[in-house]
Structure formats: structure tokens, C-alpha cells
Amino acid sequence: MNGAKQIIKKELTRVFTDKKLVISLFILPAVLIIGIYYFMGQMQTAMVNEIEKHVSTIDIQNVPEDFKETLASLKFDAHIQYLEPDEDLTAVKKDILNGTTDLLVVFEEDFLNKVSTYETGGVIPEVKTYYNNSEDYSNAARNNFVDTVLSAYQQKLLKERFEDIDQLTVFRVDVDPESSVIVDDKKAKGKIFGILLPYLITLMLFQGAMSLGIDAITGEKERGTMASMLLTPLNRREIVVGKLISVSILAGLSAAVYAVSMVFAMPVMVSGFGSDSLEGLSLKFSAVQVAELLVILAVMVYLYVAIVALASVLAKTVKEASAFVSPILIIVLVAGMATMFSGNEEKSLGMFAIPVYGNAISIQNILTGELTPVQFTATVGGTLLLAVILTVLITKAFNSEKVMFNA
Amino acid sequence: MIEIKNLTKVYKLTKKQMAEQKTKRNIKKAADNISLSAKKGEIYGLLGPNGAGKTTVLRCVATLLNPTTGEITVCGCDTVKEPKKVRESISFLTNEIKLDPQFSPKYMFNFFGRLHGMDDKTIDERRELLFNYFGIQDFRDKKINELSTGMKQKASIAVSLVHDPEVVIFDEPTNGLDIVTARSVTDYLKLLKEEGKAVIVSTHIMSEAEKLCDRIGIIINGRKVMDGTLSEILKETGTEDLEDAFFELYKEYSKEEA
Ligand SMILES: Nc1ncnc2c1ncn2[C@@H]1O[C@H](COP(=O)(O)OP(=O)(O)O)[C@@H](O)[C@H]1O
Ligand SMILES: [Mg+2]
């Protein structure tokens, strides 16, 4: 296998001595991902901060006498303007529409009187709000006003009517909600992350295998450099192995760069969204799980590279090779996506043995800590079997003068 | 050293190729029952116009193509049954086969040396020898895609000879070269002959065949119509020089197709 070793060395040298290739394969993706996530995170944080900082402008008509008290006790911060009972509201509504006023609150005429003289079956007085739900400021002002001010005011009026308002509560549900949720913490966290990760890994690995594999095989055929290798006493199988291993190493590295930069970039972005979505990252893996994950990833890389390589040998030009591989990429992506939407039902062992699909559900199960050794063996075995069959076909193609020389 | 017995090579043509070659038949007999032999210490020349089938014959000798019928042995090894042994003992140069443009001549030389199973010391010695002869030292560390046509051809020749093979097969080795570079190539072929190698070259240049080759095989439309030393060919055709001899034969044999 010295020949294969030499070929691997040459392929790696070719990539790592080519600045453009290194940048486009390894540096650009990392920079782009971190950059995009950082930017999205910043935007999100900035937006949230700004809405929080904004002081709402609120107009209130027919304000009840004791309402101002409630406002003061809540330290509610807003520019409030009190309108006369007979004032025309069209101007205010227009202001809401163009964003200069955030909220209009109209209490029914004679509001307090109607509340205190209420009798069973009578008409319940109304507080009406006008706002523009396509404006973030207006939306926030309305929600804030209803949730804090109006609900506090309602509590106050209820207290005046009933004295002991606890009488209104017949029973409670979940006084301590935290303690009601019974869940395997690890599994729950893994779920969120597990849905997305196999899909992304599939995409990244295939992407890398595609660009590198087509160049290393069809590209060499087209450039006329492959034939010089076929003239050496090397076994064709050794050339194939050398090519497959070098492309696998490079595709794996490229995917690793993506994955690592995503893990670094995730917190940056997520800080803008709130911390729930980050939970999955705090996952701790056991050594066995890490090993399983690496083995599955390795056979996946091998399979993808073999798929791309077979298409690449059979193609006459780089363009043709891309045309062959693109539909396969779509199949692989759909299989990866299928795991995102497949529910929780038990999967039979056979499912795990299906290449691509089985790999994706296995990774999902590793993340939720429930992959059994038998399932692991099935997924590795199934994938490996297909990859080896493809390798045999590739070697056959390398031996064919029709394929290698159009003869 | 090289024995070709009744070699016939038939290409199957795609629709596109049929249109390109303006033919209605979906096969092309590129080599038609060719027999010839090239011995140690001689240069055998395949002379023929473009499309005659020279490259096809040489590719079969170099194990890249399998004969449709007939057989070829190189140093006693069959090209189909023992291709690995044949590849160990040949150097094959043809303009469709190129060195990786992103590497330097030195890197390529070492790489192919190792693929031939040579140790680093032997590779270094061979490299000094060949790079000095062809004047490659000045640009040995430059990337191949930065070299001129002549420099590339010199590098290709040196790399193809890394393992000091017994049999040298060069397909139109002076094609596209200036006269100085072309001369250094033909001079080296003579040197190889003196070292006792079997050399087989193809060419469509009459003067080159006249001056360089010990024996010449004339190929027209995939068929070897005559071979022998220059004087034998001139005698047989009753002509004064190779060009006249070639056209005599061409008149006779090119019509036969159809
Ligand atoms: N791969 C191929 N497929 C089909 N026809 C081919 C192929 N290679 C060469 N030919 C045809 O075979 C004939 C001989 O070609 P070739 O051996 O390259 O001639 P030469 O080297 O003497 O110019 C030509 O007609 C050419 O078009
Ligand atoms: Mg030719």
C-alpha cells in the first residue's frame, strides 16, 4: 500500500500548498459561519434592547380617577396624555398608524360607576385599546400596558368588590411548574440539537466530498494527469484507495471546520434569542458515545466519497460529474430531513442498516443517549457494505478503457 | 523486445463521434491487423498522417488499451495478461498525458519514482542526471503550469524515464517544440538506443523519420503498408526519398478505404 500512501501525500500536499484552496475549503466557511451568526446575534440583541429602551407614547381617554394612582405605584414609564371625553379620536388613530403614538386606551364613559353598580347579568364595562400590530413599538406598548397596568388595575377593582379575592380561585394547577415536568434532562436537551445536527453534518460532508472528489477524479481525467498514474506498476485498486482516503480526509477536515466554527458561533447568535436553544450544547458525552459518533461519521464520509467518486469516474467532464452528483445530493438531503420529521415511534433494526437514513437516526439516538450496540453495528455495517460495493465498482471502472479513455 | 502480432483495435463510436468523423458506421477500425517488432538497440519509427492509428497502436503497447484481437508482448510479457510487468519496463510519452500542473518537475519526478518503488537515493541520482541533460535544473521548482511548452515537454520526458526503463515508447515527442529543443530530444533517443534500449517513436515528419529511425513502419488508415530500413523502403517503392515513397504508398492505399 506504499503507492496509496504516496497518492494520499500528494493529494494533501496539493490542497495545503494551494492558498486559494485552503481558504475556500477551510478558512472561508469558518469565517462566514461565525460572521453570519455573530451578525445575526448582534442584530437580534440590538433590536430587543432598542424596543426595551423605547418610552411609549400612550393616549388615554375617560381615565378613571384612581387609575393614575395605580400607574404611579407601578412606576410605569411612558409619555401619557389624557384626552378629553369628547375629543375626536381620528387624529390619534392616524398618529398610531404612522408610528408617532404607540397606543390609545379608551375607558367606557362613566367607567368607575358602571363597575361599582354592576349586578349579576348586567353589562360589563369595557377598556378598549387601539394599536398597530405591524409596529414593534406599538405592539410592545400594548402588551406591556395590558399585562402590567390593566391587570394590576383589575386586581385592585376586584379587591374592592370582593375583599378576599382568593375566593375567586377554586383550585390551582401546578403551583410549582418546575417540579411537575418529569423528563430525562439529557434526552430533552439532545432532542433539540439532535434534530438539526445530523442534517447539517450530512450536508457539510457531502458538500466537501462533492467539490473535492469531482476535482480529484474527473478533474484529473480531464486534465490528462490520471493516465500518467495508470502507467505506473501500481495496482488500480491502490490508486482508488489512495484517492478515496485522501478525499475522505479532506472532506472530513472541511466538515470538522464547519462543525467547530458552528459550535463556537452558536452562543454568539443564541445570546440574542434567549438561552433555551443553547441547552443542547451543554450536552456531555461519554467516551463510548464519542467513539460511536466518530465511527459513524467516518463510515458516512467513506460512503459519500465513494458515491461521488463513482459518479466522477463515470463522467467525462467536470460539468457532467456535477450533473450526476446533484440528484444524489438531493436524495441524501431528503433522507437526512426525513429524520427531522419522523416522529418518536420505535424504528426497526432494518431502518438503522439503511445507509444515509440509518446514519442520521443513529446520530440522533446518540445525542439522546439511546443508541443500542446492535443498532450501532447495523448502521455501521449497512453503510460500510454499500461503500465497499461502490469501491469495487469504482475499481472496475478504473480498469475499463471505455471509462478511462473513452475507447 | 516489442512484438506486435496481428493487432486490431476497433473503437465503438458514439453518435457524436460518428458525426465528427463523417461516417455512418458505428465502429472505427483504428488499427487493422498490424504486426511489427522493435528490438534492443534500435529505434523503430511509426510514420503516418494524422488519424492513421499511430497513437492507438502505441497505447495498446503501453497497456492503456487492450487489443480487440491480436497480441502484444513487451520484454516477453503479454500486455493484457501481465500489464504490471509491462508497465515496470516501459516509458510512455504522449501529448494527451500530462503532469499535474500544480506541482514542480522535481516533485513530480520524485512522486513517480516512488510509485515505481525506487528509493530516495536512486531517485536523486536519476534526477540529477536527467535534469542536467535536459536543462531542467533552472526551473525544477517552478509549478508546471508556469512553464513553456518546451519546458513542459522536457519535464514530461525526464519524469517518464525516472525508472530507467528497457523500452521507450514516445508518441510524436517533438510535436510543437522549437528546433533546438526537438534536437535535444532526438539526440537523447539516440543515446538511449546506444544504451541498448528498444525505442519506438511515432511521427508524421518525414525528415525526422529519415534521420532518426533505424527501421520505419508506414501506417495508412490503420494498416501497416510497408516496413524496413530506409534503403529497403526506397528500393521497394523505387523512389529517391522517404517523402516520395510515402506518397507512392499513400496513392495506392488511401483509396482502398470505403
Ligand atoms: N477514443 C476513441 N474513440 C473513437 N475513435 C477514436 C478514439 N481515439 C482515436 N479514434 C480514431 O481512431 C483513428 C486513429 O486515431 P489515432 O490513433 O489517434 O491516430 P494518430 O495518432 O495516427 O493521429 C482516428 O480516426 C481517430 O479519430
Ligand atoms: Mg496521435
Derived scalar couplings ³J(HN,Hα) [the range A:112-120; Karplus, 6.51 cos²θ - 1.76 cosθ + 1.60; whole Hz; x for Gly, Pro]: 4, 4, 5, 5, 6, 9, 5, 10, 3
Considering only protein heavy atoms and a probe of 1.4 Å, how much of the accessible area of the range A:55-180 is carbon and sulfur, as a whole percent? 47
In what sequence, highest mean first, do B:217-230, B:52-65, A:39-52 appear when ranked by Cβ atoms within 10 angstrom? B:52-65, B:217-230, A:39-52
My understanding is that a pair violates if its Cα-Cα distance is over 22 Å; which of B:K39/B:K211; A:K75/A:K114; A:K53/A:K75 do that in this structure? A:K75/A:K114
Mind checking A:220-227 for the average number of partner chain beta-carbons within 10 Å of each residue's beta-carbon? 4
Of the heavy-atom accessible surface of the range A:306-399 (probe 1.4 angstrom), what whole percent is carbon and sulfur? 74
Counting other chain Cβ atoms within 10 Å of each Cβ in B:101-109 and taking the mean gives 3
Under the rule of -39500 (n - 2.57) per DSSP H run of 4 or more residues, summed and divided by the residues of the protein assembly as shown, what mean residue ellipticity at 222 nm is obtained, to the nearest 500 deg cm²/dmol? -17500 deg cm²/dmol
How would you order B:14-23, A:131-140, A:110-119 from highest to lowest mean count of nearby Cβ atoms within 10 Å? A:131-140, A:110-119, B:14-23
Taking the Cα centre of the range A:55-180 as origin, work out the dipole magnitude from +1 charges on Lys and Arg Cβ and -1 charges on Asp and Glu Cβ, in debye rounded to 20. 140
Partner shielding of B:79-90, as the mean number of partner chain Cβ atoms within 10 Å, equals 2
Summing +1 per Lys or Arg and -1 per Asp or Glu among the other residues with Cβ less than 15 Å from A:S116's Cβ gives -4
Taking 40 Å² as the minimum loss, tell me which residues in the range A:1-49 lose that much accessible area going from the chain by itself to the full protein complex (1.4 Å probe). A:Q6, A:K10, A:R14
Under Karplus coefficients 6.51, -1.76 and 1.60, residue-wise ³J(HN,Hα) of the range B:85-92 in Hz, glycine/proline x: 5, 4, 4, 5, 10, 10, 10, 10
The protein assembly as shown accessible area per residue, 1.4 Å probe, protein heavy atoms, integer Å², reads 51
What does the charge count near A:R236 come to, summing +1 for each Lys or Arg and -1 for each Asp or Glu among other residues with Cβ under 13 Å from its Cβ? +3
Between B:Y133 and B:Y253, what FRET efficiency comes out of the Förster formula 1/(1 + (r/R0)^6) with R0 = 51 Å and r the beta carbon distance, rounded to 0.05? 0.80
Span-like helix ranges in chain A, DSSP H, alpha carbon extent 15 angstrom or more, Kyte mean at least 0.0: A:28-53, A:185-214, A:236-270, A:287-314, A:318-341, A:357-367, A:373-399
The long-range amide H neighbours of B:E42, using H built 1.01 Å from N in the peptide plane and a cut-off of under 5 Å, are B:V199
Based on alpha-carbon atoms only, what is the radius of gyration of the protein assembly as shown relative to the globular estimate 2.2 N^0.38 Å? 1.54
Give me the percent of DSSP beta bridges within the protein assembly as shown that run antiparallel, rounded to the nearest 5. 45
Relative to the isolated chain, which residues of the range B:1-38 have their accessible area cut by 10 Å² or more in the presence of all protein chains (1.4 Å probe, heavy atoms, no ligands or nucleic acids)? B:K9, B:Y11, B:K12, B:T14, B:Q17
With a point put 7 Å past each Cα toward its Cβ, work out how far A:N235 is from B:T8 in nm, to one decimal. 3.5
Near A:F405, within a Cβ-to-Cβ distance under 12 Å, what is the net charge of the other residues, with Lys and Arg +1 and Asp and Glu -1? +3
Lysines with Cα under 27 Å of A:K347, excluding same-chain neighbours fewer than 8 positions away: A:K186, A:K187, A:K189, A:K191, A:K284
Computed on protein heavy atoms with a 1.4 Å probe, what is the summed buried accessible area for the chain pair A and B, in Å² to the nearest 100? 2500
Taking B:K84 as the anchor, which lysines have their alpha carbon closer than 17 Å to its alpha carbon, excluding any fewer than eight residues away along the same chain? A:K396
In whole Hz and in residue order, list the ³J(HN,Hα) couplings for the range B:133-143 that follow from phi through the Karplus curve 6.51 cos²θ - 1.76 cosθ + 1.60, θ = phi - 60°; x for Gly and Pro. 4, 8, x, 8, 3, 4, 10, 5, 9, 7, 5
Peptides A:87-100, A:346-359 ordered by average Cβ neighbours within 10 Å, highest first: A:346-359, A:87-100
Among the GluC sites (Glu not before Pro) in the range B:179-210, which ones are in a DSSP loop with at most 16 other Cβ atoms within 10 Å of the Cβ? Mind listing them? B:E195
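The values are calculated or read from the model by the stated rules, or taken from the named source; none is laboratory data. None of the values given here were measured: they were computed from a predicted structure. So basically every Cβ, Gly included, is an ideal-geometry build from the backbone, and we count neighbours across all protein chains shown. Keep in mind that these areas ignore ligands, DNA and RNA; they rest on the heavy atoms of the full protein, side chains included. Shrake-Rupley method; radii C 1.70, N 1.55, O 1.52, S 1.80 Å.
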